[in-house]
Amino acid sequence: MEHTITASPKNKTAIVILNWNGRTFLDKFLPSVVKYSSDAMIYVIDNASTDDSVMFVRNNFPQVNLLQNSNNEGFCKGYNLALKKINSEYYILLNNDVEVTKDWLTPVISLMESDRKIAVCQPKIKSFQNKEYFEYAGASGGFLDKYGYPFCRGRIFDVVEKDQGQYDDTIKVTWASGAAFFVRASVYHELGGLDQDFFAHMEEIDFCWRSSSAGYKVMCCPRSTVYHLGGGTLAKSNPQKTFLNFRNGLYLLHKNLPSDQLVFVIFKRLLLDGIAGIRLFFIGKFLDTFAIIKAHFAYYGAIYFLNLKRKRSQHIQVNVLKSKSIVYTYFVKKKKYFDKDEN
């Protein structure tokens with residue numbers, strides 16, 4: 001990627017799709033993006049795919065801008081490299097396995113235009129495979145419990161709700177899903193983009209937390225709907241994803257928690273992670289248990305560098321965690337659905 005591409009006044013929104021060996025997904029989902037995104041410029045950023053993704057885009061979507069990374073840089077670095085080259089007011093980081101709908105851009109961009117303090121926003125995200133239900137990765141806006149475990153309006157752990165309009169209000173949330181991540185470009189660059197040490201998974205939550213510490217808002221705008229397939233790169237049960245989620249969950253807390261809460265929350269989180277590992281072991285998911293152990297040791301090895309990041313931060317860390325434990329609510333109180341009154 002050797003040149004900067006500037007959006008025209010009409011196309012101040014850039015849809016940026018990071019792709020790695022996703023030719024099948026591009027074939028299935030890119031047509032909806034092209035059809036319903038006439039007011040935006042569309043980019044496919046190829047992360048050194050070894051399939052025919054690049055040739056497929058060139059031959060079938062001449063209206064799509066194609067940029068190529070020389071190596072598979074992962075989700076975070078792949079986007080950071082690309083977005084340095086794209087001059088636009090709004091970026092939409094869109095997974096290559098997302099189907100968009102008519103007028104999906106307008107409600108979200110209009111909301112962000114109405115308030116300069118809104119840095120990040122997501123649409124309602126529903127399941128591509130079962131379109132009456134929310135999708136696991138984002139649903140109708142995300143939160144973090146008191147120990148940093150993520151959950152959504154419409155999804156707690158593995159329980160996903162049917163969409164019956166119960167979460168159709170536009171609200172401020174803790175984090176927006178990276179599957180369809182609307183972000184103000186100026187804030188993206190002000191905060192240094194996605195943290196490349198995360199590689200992939202939970203990097204959008206980290207960015208949202210840093211945005212909140214910098215005084216910005218994160219919103220969910222359910223007037224816009226997209227459908228996400230999910231698991232396109234790593235399945236939910238993949239041990240590598242288990243490793244990244246548990247390691248990055250600790251990175252997230254260590255980087256962003258206020259100092260007076262850091263030790264207590266991390267200690268409790270390590271204990272709860274250990275319990276999760278034991279549970280996985282006894283149900284036969286041995287590789288996931290070892291992935292959690294590996295994640296903890298990776299975190300211990302990174303503490304020095306995480307402390308440096310805390311010191312270099314230009315903003316005072318704010319606590320965005322909820323006051324209740326979703327683990328206790330889900331496993332002890334047996335509450336499987338999001339409770340507006342408790343959140």
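The values are calculated or read from the model by the stated rules, or taken from the named source; none is laboratory data. Predicted, not measured: the structure shown is a model, and the values here were computed from it. Methodologically, a virtual Cβ is constructed for each residue, glycine included, from the backbone with ideal geometry; neighbour enumeration extends over all protein chains shown.
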May I ask you to list the residues in segment 20-39 that are in contact with a strand residue (DSSP E or B) (Cβ under 7 Å, 6 or more places away or on another chain) and surrounded by 21 or more Cβ atoms within 10 Å (Cβ to Cβ)? W20, L26, F29, V33
Residue match in segment 84-107 (condition: on the phi > 0 side of the Ramachandran plot and either in contact with a strand residue (DSSP E or B) (Cβ under 7 Å, 6 or more places away or on another chain) or assigned to a helix (DSSP H, G or I) (or both)): no
Among the residues of segment 77-89, are any within 13 Å of A180 (Cβ to Cβ), of a type in the set (A, V, I, L, M) and under 20 Å from the mean Cα position of the chain (by Cα)? no
So, in segment 60-73, how many residues would count as being over 17 Å from V34 (Cβ atoms) and either of a type in the set (A, V, I, L, M, F, W, C) or surrounded by fewer than 18 Cβ atoms within 10 Å (Cβ to Cβ) (or both)? 4
Members of segment 314-326 that are surrounded by fewer than 18 Cβ atoms within 10 Å (Cβ to Cβ) and among the hydrophobic types (A, V, I, L, M, F, W, C): I316, V318
Return the pairs, sorted by first residue and then second, in which the second residue is of a type in the set (D, E, K, R) and at pLDDT 95 or above, the first residue lies in segment 31-47 and is under 15 Å from D97 (Cα atoms), the beta carbons are less than 8 Å apart, and the residues are 6+ apart or on different chains. S32/E99
Could you grab me the full set of residues in segment 194-238 that are over 19 Å from W20 (Cα atoms), in contact with a Phe, Trp or Tyr (Cβ under 9 Å, 6 or more places away or on another chain) and modelled with pLDDT under 95? none
Going through N95, N59, N65 one at a time, which residue ends up being polar (S, T, N, Q) and free of Cβ contacts under 8 Å to residues at least 12 places away in the same chain? N59
Exactly one condition in (1) of a type in the set (K, R); (2) closer than 30 Å to K28 by Cβ; (3) buried (at least 21 other Cβ atoms within 10 Å of the Cβ) is not met by K241; state its number. (3)
Scan segment 52-59 and tell me whether some residue there is within 28 Å of R184 (Cβ to Cβ) and buried (at least 16 other Cβ atoms within 10 Å of the Cβ). yes
Evaluation of I278 against (1) in contact with a Ser or Thr (Cβ under 9 Å, 6 or more places away or on another chain); (2) under 30 Å from D163 (Cβ atoms); (3) assigned to a helix (DSSP H, G or I) (one fails), failing number: (2)
I need the full set of residues from segment 258-275 which are assigned to a helix (DSSP H, G or I) and in contact (Cβ under 8 Å) with a residue 24 or more places away in the chain, in order please. S259, Q261, V265, K268, R269, L270, L272, D273
Give S32, S49 a once-over and let me know the one that is out of contact with any Gly (no Cβ under 8 Å at 6 or more places or on another chain), small (G, A, S) and not in a strand (DSSP E or B). S32
